[in-house]
Amino acid sequence: MKTYLVGGAVRDKLLGIPVKDRDWVVVGATGPDMLSNGYQQVGKDFPVFLHPETREEYALARTERKSGKGYTGFIVHADRDVTLEEDLMRRDLTINAMAEDDQGQIIDPFKGRRDINNRILRHVSPAFVEDPLRVLRVARFAARYHHLGFTIAGETMDLMQAISTSGELSALVSERVWTETGIALKEKSPQVYFRVLRDCGGLKDLLPEVDNLFGVAQPKKYHPEIDTGIHTFMVLELAAKLTNDPVVRFAALMHDVGKGAVPIEQRPSFRGHEALGVNLINTACKRIKAPNEYRDLAKMVSLYHTRCHQARSHEPAELLETLEKTDAFRKPERFEKFLLACEADARGRLGLEENPYPQASILRKALEACRKVNTDEIIAQGYRDADIGKQVHQRRLALINVWANSP
């Protein structure tokens, strides 16, 4: 019975990245052996156990054989006769298929260390194609390590394209799709995740609303990059620089999906794309099981980002309407996320990345001016029911007028 540190902990140690989680594999043992040593089994599908003291995960060395479609279509064999190399062979990428023994020696049968040095994401074996979830995982690792110069090996991209062409991605459980996508949105370069999915042909199955934006031309006057899909990825990249919040980043990704639904004969005008995006966002979020918080902000940004961009020319009544429509008074934290996504949209354009975005400041100051309105005072003055709301609105408008006309 031998225990090895495996996977991400070994990889990140070699990359010089702080190790967050440690996973272990146990060779030469059975389930009863683990239980007799005080380990606690978790899950029924895989032989994984929790250490009695550290609570870290220890998995029995295992092999997997394809038996059906999708992520769960595998027959698992775990016994004391499974070798370490056989266990490592079932992993997705060579950089994830290394182990370290209790003496600190690296076991690297698939040259993961070489690929780390060469900054390559490469599959371990032809069995890579048996698990469609690996398309998303490779895309996520590409987003995580893009800033370190990692690229995907050509032969690995070929296999990812083969998986996409096979239709296997449609067999993925929605929750698994969101798990990978949600993590990718938190990575340093989230736009790379979606770019890789598009390059291998998977984006049209997972998020066709975004994939459909490529080839949709916009007026060069407003969008020097012209292509709406390119603009979308630029917006997401800019959002990632503005904030680590994945909810804002998702809204940035989805803000223009309505443009893909605008009739061709109407283009290059995209009037009404804001409202068209709402149903598309609802459909997409239902498909990939995105949490409500993500869906709601994305819909808000789709509906009102154009209004936000026009804030400099708005009269006080229009500024107040924007604040009310975006529910800024009740949910100021979400409103701040809305402003960040709008700023990313304005600056996520070729040559405009460093431009200021004074519209956000205008709306923030208008919101601050309204904070002097006290609902309790209005009630104390005898107003009731609908008249309370009218008074709140009128007094907020008066305060925005004062602020707008002050020196």
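Could you check, for the stretch 357-374, whether at least one of its residues is more than 39 Å from the chain's Cα centre (by Cα) and free of Cβ contacts under 8 Å to residues at least 24 places away in the same chain? Yes: one or more hits.
In this structure, Gly389 does not qualify as in the same structural domain as Lys221 (by TED's automatic domain parsing) and out of contact with any Cys (no Cβ under 7 Å at 6 or more places or on another chain).
Considering (1) buried (at least 18 other Cβ atoms within 10 Å of the Cβ); (2) of a type in the set (Ser, Thr, Tyr); (3) under 19 Å from the mean Cα position of the chain (by Cα), the lone condition that Thr322 does not fulfil carries the number (3). Need the failing condition index for Val82 against (1) at pLDDT 95 or above; (2) part of a loop (DSSP other than H, G, I, E, B); (3) of a type in the set (A, V, I, L, M, F, W, C), just the number. Result: Val82 fails condition (1) only. Looking across the stretch 217-249, the residues that are crowded, with 22+ Cβ neighbours inside 10 Å, out of contact with any Pro (no Cβ under 9 Å at 6 or more places or on another chain) and more than 15 Å from His309 (Cβ to Cβ) come down to Thr228, Gly229, Thr232, Phe233, Met234, Val248.
When Val19 is tested against (1) of a type in the set (Val, Ile, Thr); (2) closer than 19 Å to Asp87 by Cβ; (3) modelled with pLDDT under 95, only condition (2) is not met.
Yes/no matrix, rows are residues, columns are (1) of a type in the set (D, E, K, R); (2) closer than 18 Å to Ile183 by Cα; (3) outside the structural domain of Leu169 (by TED's automatic domain parsing):
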site: Glu225; (1), (2), (3): yes, no, yes
site: Lys259; (1), (2), (3): yes, no, yes
site: Thr283; (1), (2), (3): no, no, yes
site: Glu293; (1), (2), (3): yes, yes, yes
site: Ser302; (1), (2), (3): no, no, yes
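When only residues in the stretch 10-36 that are among the small types (Gly, Ala, Ser) and in contact (Cβ under 8 Å) with a residue 24 or more places away in the chain count, which is surrounded by the most Cβ atoms within 10 Å (Cβ to Cβ)? By that ranking, first place goes to Ala29.
Applying the condition of being part of a helix (DSSP H, G or I) and of a type in the set (Phe, Trp, Tyr) to the stretch 164-216 and asking which residue is surrounded by the fewest Cβ atoms within 10 Å (Cβ to Cβ) yields Trp178.
I'd like to check something: does the stretch 14-28 contain any residue that is closer than 30 Å to Asn117 by Cβ and part of a helix (DSSP H, G or I)? Yes - at least one qualifying residue is present in the stretch 14-28. Of all residues in the stretch 208-226, those that are over 20 Å from Glu354 (Cα atoms) and not polar (S, T, N, Q) total 10.
The values are calculated or read from the model by the stated rules, or taken from the named source; none is laboratory data. If you're wondering where the values come from, they're calculated on a predicted model, not measured in any experiment. Quick reminder, even Gly has a Cβ in these numbers, built from the backbone with ideal geometry, and neighbours come from all protein chains shown.
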